[in-house]
Amino acid sequence: MSKCRSCGEPAVIDLPRHNANFCSEHFIQLCRRQLSKAISDFDMLKPEDRVLVAVSGGKDSLALWDMLVEEGYQADGLYIGLGIGEYSDESGAITRKFAADRQLKLIEIDIRDEHGFDIPTAAGVTGRSPCSACGLSKRHIFDEVAKREGYDVLATGHNLDDEAAVLFGNTLRWDVEYLRRQAPVLSAGSGFGKKVKPLVRLTEREMAAWCVVRGIDYVVEECPMALGNKHLAYKDALNALDATSPGTKASFYLGFLDRMRPVLEQSAAIDAPSSCPTCGAPAATADQACAFCRLVDSASGHEPIPVRMVLNKKARKMFDAQWGSQDGN
Amino acid sequence: MIVRLRQPSREVEVRGDRPARAILLELGFAPEAYIVICNGTLVPSDTILREPDSVELRPVISGG
Ligand code: SF4
Ligand SMILES: [Zn+2]
Ligand SMILES: [Zn+2]
């Protein structure tokens, strides 16, 4: 049995990128250090900040909420009911239990109650991909709630793997504008609140391990809309590289932060956006509603479209294996 | 021995008395994309798994 690098006790996890194994106590310590380093390197949070954590019921956001509370931050949760069939029912229940067990404050927004549509319906009606309709809606609602409830910062559970996959995609397309905007902190301004990603130095595997070690129950089954998407293909590719040369994924992303971001920051800034005539949120042009208001406009009040109907053939097969096809949802 | 897999949740029969890592590779899974839970606790991927251990190989990758 392998031993902890720090204390020699039996290890619970091997971390090839650190070329070492760790016991639960020293693994927890390592994660905390990585969290603190990200927070201080990028001036993410001040001790007195009121933090709103965007929680989905998945491992990353629950681990983040747990870590921030442990570090003494005043952190409340925001859960958005996206109306994605059983997946949403299960993730909502898990998130509520997490908050109740720890007596934490959880704000819940049900997108159908508040805006009259759900994600499968929005995707079906507009022809957008579900993840694009979903991402756009979540960003809008996060901003809106953080502003309305007076939070200083919104924290999301994006981890190193998420950021490395996005970076990989942006680089493959040489999308300079997206590369410029890919940062662990987005400061407040032009209608947006401050947003931070404190988990950028921690991998997806480390966050799953954190949850198991800390006894956090999270939704392990994947959102059905993610099945077979491009983001997953990029992650697979990076993990394949990591298998032959451990640490490649981390140095790809952390090297970008250290050495490429300063170069990008010096180049020209993006124009400040105007604001949406309907809701006041930032929009590309002043005479047109923002992307979220346009989504609401086309999808709100539409008869609900079941999850299964908006999946492609391959994703539908995977969906049936995971959730069963009987209930048609 | 039987191991539990997820996404979707299912069970498969594999040969035991081997490190978890070897089983992951045989199943075509990248070790960086999985954690190994043996009898309810997290274990490193060089842990030898054998009957009657209750084992879950849990994927950690999410697509959102
Ligand atoms: S996988 Fe896509 S649809 Fe599902 S929660 Fe994530 S962004 Fe939304
Ligand atoms: Zn130790
Ligand atoms: Zn608007």
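The values are calculated or read from the model by the stated rules, or taken from the named source; none is laboratory data. Here the structure is a predicted model, which means the values were calculated and not measured. Here the Cβ positions follow ideal geometry from the backbone for every residue, glycine too, while neighbour counts run over all protein chains shown. Note: areas computed on protein heavy atoms with side chains; ligands, DNA, RNA excluded. Shrake-Rupley method; radii C 1.70, N 1.55, O 1.52, S 1.80 Å.
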Over all residues in A:225-232, what is the mean tally of Cβ atoms on other chains that come within 10 Å of each residue's Cβ? 3
Drop in accessible area of at least 30 Å² in the complex versus isolated chain, residues of the stretch A:12-58, 1.4 Å probe: A:VAL12, A:ASP14
Restricting to the stretch A:1-137, compute how many DSSP beta bridges are antiparallel as a %, nearest 5. 25 percent
Given a 10 angstrom Cα cut-off, can you work out which residue in A:ASN170, A:ASN159, A:ASN19 is the most mobile in a GNM of chain A? A:ASN19
Rounded to one decimal in nm, the spacing of the 7 Å Cα→Cβ label points at B:SER9 and A:LYS46 is 4.6 nm
For a Förster distance of 41 Å, can you work out the FRET efficiency between the beta-carbons of A:SER129 and B:ILE48, rounded to the nearest 0.05? 0.40
Using 0.36 nm times the number of residues separating A:GLU71 and A:GLU149, minus their current alpha carbon distance, what extension gain do you get? 25.8 nm
Restraint check, A:LYS3/A:LYS59; A:LYS147/A:LYS313; A:LYS59/A:LYS314, Cα-Cα greater than 31 Å: A:LYS147/A:LYS313
Inter-part gap, Cα centre of the stretch A:210-229 to Cα centre of the stretch A:129-206, in whole angstrom, is 19 Å
Could you work out the per residue convex hull volume over the alpha carbons of the protein assembly as shown, in cubic angstrom? 147 Å³
Which FRET efficiency, nearest 0.05, do A:ASP113 and A:ALA243 yield, Cβ-Cβ r, R0 45 Å? 0.50
Multiply the residue gap between A:CYS7 and A:ALA93 by 0.36 nm, knock off their C-alpha separation, and tell me the result in nm, one decimal place. 27.1 nm
With the full set of protein chains in place, find how many percent of the accessible area of the protein assembly as shown is carbon and sulfur; take the probe as 1.4 Å. 50 percent
The Cα radius of gyration of the stretch A:147-232, divided by 2.2 N^0.38 Å with N its residue count, comes to 1.28
Partner shielding of B:39-49, taken as the mean number of other chain Cβ atoms within 10 Å, equals 5
If you average 1/r over all unlike Cα pairs in the stretch A:1-128 and invert the result, what Kirkwood radius do you get in angstrom? 17.2 Å
Please state the relative contact order of chain A as a whole percent: Cα pairs under 8 Å, 6+ residues apart? 20 percent
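Which of rounded, prolate, oblate describes the stretch A:156-308, given a ≥ b ≥ c as roots of the alpha-carbon gyration tensor eigenvalues and a/c under 1.5 marking rounded, otherwise prolate only if a/b is larger than b/c?
Cα axes put the stretch A:156-308 in the oblate bin.
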Distant alpha-carbon pairs in the stretch B:2-59 (separation over 20 angstrom), percent: 9 percent
May I ask you to derive the FRET efficiency for A:GLN29 and A:ASP287 from their Cβ-Cβ distance with R0 = 45 Å, giving the value to the nearest 0.05? 0.25
Specify, per residue and in Å³, the volume enclosed by the convex hull of the alpha carbon atoms belonging to the stretch A:74-148. 90 Å³
When the charge dipole of chain A is computed with +1 at the Cβ of Lys and Arg and -1 at the Cβ of Asp and Glu, the Cα pointing farthest to the positive end, of A:ALA233, A:CYS31, A:PHE98, is that of A:ALA233
Cβ charges +1 (Lys, Arg) and -1 (Asp, Glu), total dipole of the stretch A:13-77, debye: 180 debye
Testing the spin-label approximation: label points 7 Å from Cα along Cα→Cβ at A:GLU86 and A:ARG259. State their distance in nm. 4.8 nm
